[in-house]
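Below you'll find the structure, written out as structure tokens, and then a few comments.
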Amino acid sequence: MDHVIKSFFKLLLRAVLWLMGLLFLASLLAATAVLLVLWGLRALWARLTGRPVAPLVFRFKQQAQWSRFYQAARPGQDVVDVEAAVVDVEPRAIRSPGGRADG
């Protein structure tokens, strides 16, 4: 009896996972179809208005990602002198309440 129940749950798990995979595939196909329809409408609108049909391109500005690292080193910007803000002090011995110097 346990063998039948285990077999049933294995089959049920396989069926559920298979259906989830089909659902994922269907969602990818639907998203692709929506993009194609939107691109087609965009191309049709471009043709109707007399503009050239531009390809659908996703551009990434790689230089913009690196520019933030170099902005502080650009020539012509005011540079803050950190060492000028340091105050020079004279060291002195720290005395304990009994009058004896520690350290």
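The values are calculated or read from the model by the stated rules, or taken from the named source; none is laboratory data. Note that the structure is predicted; figures quoted are calculated from it, not measured. Please note: Cβ atoms are built from the backbone with ideal geometry, for glycine as well, and neighbour counts cover all protein chains shown. Side chains included, ligands, DNA and RNA excluded: accessible areas come from the protein's heavy atoms. Shrake-Rupley method; radii C 1.70, N 1.55, O 1.52, S 1.80 Å.
Among the residues of region 40-63, count how many are aliphatic (A, V, I, L, M), assigned to a loop (DSSP other than H, G, I, E, B) and open to solvent by 70 Å² or more (accessible area, probe 1.4 Å).
Within region 40-63, the first condition is being aliphatic (A, V, I, L, M), and the residues that meet it are 41, 43-44, 46, 48, 53-54, 56-57.
Narrowing the set further to residues that are assigned to a loop (DSSP other than H, G, I, E, B) leaves 53-54, 56-57.
Add one more test, that the residue is open to solvent by 70 Å² or more (accessible area, probe 1.4 Å), and what stays is 56-57.
Going through region 40-63 one residue at a time, the tally reaches 2.
Quick check: anything in region 14-26 surrounded by 10 or more Cβ atoms within 10 Å (Cβ to Cβ) and modelled with pLDDT under 95?
no
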